[in-house]
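Report on the following structure.
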Amino acid sequence: MTQKNSFRLVGAAIAIALSLAAMPGLAVDTGGEGNGGDGPSLSDARVHIRAEEWKEAIAVLRTIVATDGNDADALNLLGFSLRKSGDLENAEGFYLRALELNPGHKGANEYLGELYVEIGQIEKAKERLETLARLCGNTTCEEYEDLEKAIAAGT
């Protein structure tokens with residue numbers, strides 16, 4: 001192959017790559033995070049959560065957790081959705097499982113603490129707040145602030 005042909009091939013490859021990159025309709029949809037594209041995603045669940053559609057969010061999250069029981073984010077959101085739907089007992093189990101997988105999960109620490117406030121276990125809620133204080137370091141984080149407010153309102 002001549003040098004001139006090599007340049008043409010490289011130029012053609014670049015042109016194809018640029019045209020494909022400019023065509024978002026051809027991009028592969030992986031389904032968002034949480035499942036590798038084989039079903040509902042955490043993004044789908046979050047849409048339902050924002051709309052306070054707890055039953056729908058729980059269904060999506062149960063599917064994700066059935067596929068990957070080691071997804072701390074999905075476990076946390078399932079606990080959150082269950083708690084918001086009134087199923088406090090099952091919510092606690094999902095928060096604890098999320099924290100077993102990822103003890104530094106700020107969301108699960110916050111939400112478990114809020115659950116403890118709801119059921120009157122303020123000391124346990126304060127333990128979650130202490131954990132968040134360690135996780136957030138020298139700056140306060142949203143999870144810490146939200147749980148601190150929940151504890152103040154619950155006492």
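What to note about this one:
- Label sites at LEU101 and ASN138, each approximated as a point 7 angstrom past Cα along Cα to Cβ, lie 3.3 nm apart.
- Other residues with beta-carbon under 12 Å from the beta-carbon of LEU129 carry, at +1 per Lys or Arg and -1 per Asp or Glu, a net charge of -3.
- The phi torsions of segment 101-107, fed into the Karplus equation with coefficients 6.51, -1.76 and 1.60 and a -60° offset, translate into couplings of 6, 9, x, x, 6, 4, x Hz, rounded to whole numbers, with Gly and Pro shown as x.
- For LYS55, a cut-off of 14 angstrom between C-alpha atoms picks up these aspartates and glutamates, skipping any fewer than 8 places away in its own chain: ASP44, ASP87.
- Proximal lysines relative to LYS149, as straight alpha-carbon distance under 19 Å, when same-chain residues fewer than 8 apart are discounted: LYS84, LYS106, LYS124, LYS126
- Rounded to whole numbers, the Karplus 3J(HN,Hα) couplings from phi for segment 133-139 are 4, 5, 5, 7, x, 6, 10 Hz, using 6.51 cos²θ - 1.76 cosθ + 1.60 with θ = phi - 60°, and x at Gly and Pro.
- Cα gyration tensor category, rounded, prolate or oblate, for segment 81-155 with a/c compared to 1.5: oblate
- Normalising the average separation of contacting C-alpha pairs (under 8 angstrom, six or more residues apart) by the number of residues puts the relative contact order of segment 38-154 at 17 percent.
Every number in this text was worked out from the coordinates using simple rules, so none of it is lab data. In this text the structure is predicted, and so the values were computed from the model without any measurement. When we count neighbours, we look across all protein chains shown, and the Cβ atoms used for this are built from the backbone with ideal geometry, even at glycine.
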